[in-house]
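Novice: Let me begin by handing over the structure; questions about it come next.
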There are 2 protein chains.
Amino acid sequence: MQPIRVAQFGLGPIGIESIKYLATKPWAQIIGGIDIDPLKQEQSLGRLTGISSLDDVSVYASFGDLCEHAKPDVVLHTAGSSVTRSIEQIMPMVQAGACVASTCEPLLYPWLTAPLASAELDAACMNAEVSVVGTGVNPGFVMDLLPVVMTGVSTRIDCIKATRVVDATTRRGPLQKKIGSGLDPDVFQALFQEGKAGHAGFCESAALLAHSMGWHVTADDIVETLEPVVADKPIKTEYVTVEVGQTRGLHQMVKVMYQGQLVIDLDLTMALCEENPHDTVTVKGAPELTLTFPNGVPGDQATVASLINAVPRLVRSTPGLRLMTELACPIHDKVNILGGNHYIMPAHQTVG
Amino acid sequence: MQPIRVAQFGLGPIGIESIKYLATKPWAQIIGGIDIDPLKQEQSLGRLTGISSLDDVSVYASFGDLCEHAKPDVVLHTAGSSVTRSIEQIMPMVQAGACVASTCEPLLYPWLTAPLASAELDAACMNAEVSVVGTGVNPGFVMDLLPVVMTGVSTRIDCIKATRVVDATTRRGPLQKKIGSGLDPDVFQALFQEGKAGHAGFCESAALLAHSMGWHVTADDIVETLEPVVADKPIKTEYVTVEVGQTRGLHQMVKVMYQGQLVIDLDLTMALCEENPHDTVTVKGAPELTLTFPNGVPGDQATVASLINAVPRLVRSTPGLRLMTELACPIHDKVNILGGNHYIMPAHQTVG
């Protein structure tokens, strides 16, 4: 088996962690990084990650620059939350014959806000016989993919409810900022209304659920609201300072009505110094199913895992702009499972 | 879209529930039942299930008899726990061009105990371009597929631990018997050692986990033990009577060592009058993930759901003897998702 040649587009905190995890995979060959920051372009991936085996792997200013040196099979895209901008960045990768996995949150379900660009990307994927998928942990797992997997053992689904409570104190700086930390609550609310703050991709989680369940709603039926969570004591983290009365996080909700019933009910709290972090998913119906992660699923680490672990399934999937639910069953790909099946069987017995 | 023509092989409690659920699926056309019981052959599926729309659907004595009247696309196989016997029954279905989903427990991972028969079935599947899969809730979901799905957000896995506690009081009669209810503990232990009692398919859950994680163990490394759970008060259910000192259920364990470490640790208690039923899965590693179903996943209902919901993914899968982890993401297929994608998007906007 040839290794899968992977390039990393975007060298922020998630991009760097992505390379560190990818470097542990025997099936992957890391061929380069891409970042707009000239200071990063001067360094090798080895220097940026501390992994000496990557000392000879360069950082390029653009995907085009990278392609002059090596052709990737897969690009990992961790470069912001704008679906339009991400599709613009991904299109040339697809046209160059690379599959793309992205942590851009709305790419979990890009048809919701960018149906025309999605259709163009889908067509380009099929033309080049490659696949693109948006993934992560939220969106990408806790409040969408995992509930869908639970419905695999349901005979009737009345409502899908997911609650996630995250203590953002130990999370990366960009996340602490996007939840409004340190902002006046009115300012944060205004930024959210303008689409410039808050948890991105939340409506897309709901859209993936509705699509998977065959609930034919439109974007207008997916109603999102936000309440700032206000600090009652001062908070200082590595990245932000919050005074009493300022925002320390968000309480964001998405509800979907279908045929007069509440069918999707997503409830997210992400705040500094938030107590009792946990994730709970309830599938109301038959049987009634409730599942809890008592400590929650850690965000950043699980996002990187979700991204990298999706690659072997992505390269095997049907070409197109794919949904996470359309790839094979999520799995931690420790070894190169593409290299053939080693079945567990009685000792010294072989078949074939 | 043509509906998928489905036949039900085995009309015990699970088979009957399977038909009832299948009858709610717009994508399915139920073309017949198959059972060795002459009393059932005299009745229609409508009579056996109480669903009047099935009044004209017959029960046949064999798969061959059914084929003289109609050709199924899929056969649902719910007829016992012997992997050898099940493969013998499934082989002619595959040769006739039908996909097969089965609740036969060891079929979750048939390579473990029947590698040669599995290889033959796999070859027959590829020859006929159809797929076979073993599924259910346990084995099939709680202690194998779900932990695998969880590892999709893991960067390192040290050990997979799953604990399931089931109160069997309200479960079907055959299950109450297979957990030893009413037997002398020594008799039950002896039956278990002979492979004639206990929870079937438990080692197969471990094998699926080991296979999915790339832990190259053999069947000898998968160690299963059983302890009878003894009644300290008399118990009477619809199906069995248990005196003090007799068996009221089982405590069954499977452990797998790999490279000197305990990597799989499965712990199952199924007993009458068992308190605090629940399911807990822990993926030790990075991040550390623990998930609990506080009330557990109900067995029989979820088994039927898992079986029927697998069908649309099964008919789309790569031909062969498949594992549940090789099908697309588990999903409740309410509508005919095979009939094309209806994407959730802004109102009145269409693409393509």
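Values quoted throughout were computed directly from the atomic coordinates according to the rules given, and no laboratory measurement underlies them. Bear in mind that the values here come from a model prediction, so they are computed numbers and not experimental data. When we count neighbours, we look across all protein chains shown, and the Cβ atoms used for this are built from the backbone with ideal geometry, even at glycine.
Novice: I need the Kirkwood Rh of the range B:145-296: take the reciprocal of the average 1/r across all distinct C-alpha pairs and report it in angstrom. Before the final figure, lay out each step's value.
Specialist: Numbers: mean 1/r = 0.0615 Å⁻¹.
This gives a value of 16.3 Å.
Novice: For the range B:92-176, what is the Kirkwood hydrodynamic radius in Å, using each pair of distinct C-alpha atoms? Mind showing how you got there, number by number?
Specialist: Values: mean 1/r = 0.0655 Å⁻¹.
Mean inverse Cα-Cα distance, inverted, gives 15.3 Å.
Novice: Another question, then. Only Cα pairs under 8 Å and at least 6 apart count here; give the relative contact order of the range A:1-103 as a rounded whole percent. Intermediate results must be reported in sequence, preceding the final value.
Specialist: Working: 182 pairs, mean separation 29.7, N = 103.
Reported as a whole number, the value is 29 percent.
Novice: Starting at the first residue of the range B:177-189, write each ³J(HN,Hα) from the Karplus equation 6.51 cos²θ - 1.76 cosθ + 1.60 with θ = phi - 60°, in whole Hz, x for Gly and Pro.
Specialist: Those phi angles translate into 6, 5, 8, x, 3, x, 8, 4, x, 5, 4, 4, 4 Hz.
Novice: Now a separate question. If you take the square roots of the eigenvalues of the alpha-carbon gyration tensor of chain B and sort them as a ≥ b ≥ c, do you get rounded (a/c under 1.5), prolate (a/b over b/c) or oblate?
Specialist: On the way: a/c = 1.57, a/b = 1.20, b/c = 1.31.
Since a/c reaches 1.5 but b/c is at least a/b, the shape of chain B is classed as oblate.
Novice: Now for a separate question. Which far-off residues, 5 or more places away or on another chain, put their amide H under 5 Å from the one on B:ARG156, with H placed in the peptide plane?
Specialist: B:ALA286
Novice: While we're looking at this one, here's another question. Would you mind computing, in nm to one decimal, how far apart the modelled labels at B:TYR239 and A:GLN43 are, each placed 7 Å from Cα along Cα→Cβ?
Specialist: A separation of 6.3 nm, rounded to one decimal place.
Novice: Compute, for the range B:63-153, the length of the dipole vector about the Cα centre, with Cβ point charges of +1 (Lys, Arg) and -1 (Asp, Glu) only. Units Debye, rounded to 20. Show your work: numbers first, answer last.
Specialist: Details: 2 positive and 9 negative charges, 30 e Å.
Dipole magnitude for the range B:63-153 comes out near 140 debye.
Novice: For the protein assembly as shown, what is the convex hull volume of the alpha-carbon atoms per residue, in Å³? Write out the running numbers ahead of the final one.
Specialist: On the way: hull volume 119.0 nm³, N = 704.
Roughly 169 Å³ of hull volume per residue.
Novice: First measure r as the distance between the Cβ atoms of A:GLU68 and B:HIS342, then evaluate 1/(1 + (r/R0)^6) with R0 = 51 Å and state the FRET efficiency to the nearest 0.05. Display every interim value, and only then the final one.
Specialist: Details: r = 42 Å, r/R0 = 0.82.
With R0 = 51 Å, the Cβ-Cβ based efficiency is 0.75.
Novice: Under a cut-off of 23 Å between alpha-carbon atoms, report the lysines in cross-link reach of A:LYS71, not counting same-chain residues fewer than 8 places apart.
Specialist: Excluding near neighbours in sequence, the set is A:LYS20, A:LYS25, A:LYS40.
Novice: When a footprinting reagent is the concern and you count Cβ atoms within 10 Å, what order do B:THR225, A:THR151, A:THR169 take, fewest first? Walk me through the intermediate numbers first.
Specialist: Details: B:THR225 10, A:THR151 24, A:THR169 17.
Fewest-to-most ranking of B:THR225, A:THR151, A:THR169: B:THR225, A:THR169, A:THR151.
Novice: Which of B:CYS203, A:VAL165, B:PHE192 sits farthest toward the positive end of the charge dipole of the protein assembly as shown, with +1 on the Cβ of Lys and Arg and -1 on the Cβ of Asp and Glu?
Specialist: B:CYS203
Novice: Ranking A:HIS211, A:HIS216, A:HIS77 by Cβ neighbours within 10 Å, fewest first, what do you get?
Specialist: A:HIS216, A:HIS211, A:HIS77
Novice: Out of residues 5 or more away from A:SER131 or on other chains, whose amide H comes under 5 Å of its own, with H placed 1.01 Å from N in the peptide plane?
Specialist: HN-HN under 5 Å from A:SER131: A:CYS99, A:VAL100, A:GLY320.
Novice: Could you work out the Rg to Rh ratio of the range A:186-230, with Rh taken as the Kirkwood radius (inverse of the mean 1/r over all Cα pairs)? It would help to have the intermediate numbers written out before the result.
Specialist: Working: Rg = 12.7 Å, Rh = 11.8 Å.
My calculation of the ratio gives 1.07.
Novice: Considering only DSSP beta bridges whose two residues both sit in chain A, what percent are antiparallel, to the nearest 5? Write down the numbers at each step before the final one.
Specialist: Details: 35 of 65 bridges.
Antiparallel: roughly 55 percent of the beta bridges in chain A.
Novice: Quick one: putting +1 on the C-beta of Lys and Arg, -1 on the C-beta of Asp and Glu, what dipole do you get for the range A:1-137 around its Cα centre, in Debye to the nearest 20?
Specialist: Working: 7 positive and 14 negative charges, 56 e Å.
My answer is approximately 260 debye.
Novice: Mind counting lysine pairs for me in the range B:145-296? Cα separation below 27 Å, and the two need to be 8 or more apart along the chain or on different chains.
Specialist: Summing the qualifying lysine pairs gives 17.
Novice: So what is the relative contact order for the range B:145-296, in percent, with contacts set as C-alpha pairs under 8 Å and at least six apart? Intermediate results must be reported in sequence, preceding the final value.
Specialist: Numbers: 328 pairs, mean separation 57.0, N = 152.
The normalised contact order for the range B:145-296 reaches 38 percent.
Novice: Quick one: putting +1 on the C-beta of Lys and Arg, -1 on the C-beta of Asp and Glu, what dipole do you get for chain A around its Cα centre, in Debye to the nearest 20?
Specialist: Numbers: 24 positive and 37 negative charges, 161 e Å.
Its charge dipole is roughly 780 debye.
Novice: Next question. Using θ = phi - 60° and the Karplus form 6.51 cos²θ - 1.76 cosθ + 1.60, what ³J(HN,Hα) does each residue of the range A:51-66 get, whole Hz, x for Gly and Pro?
Specialist: Residue by residue, the range A:51-66 yields 9, 5, 5, 9, 4, 9, 9, 8, 10, 10, 7, 8, 5, x, 4, 4 Hz.
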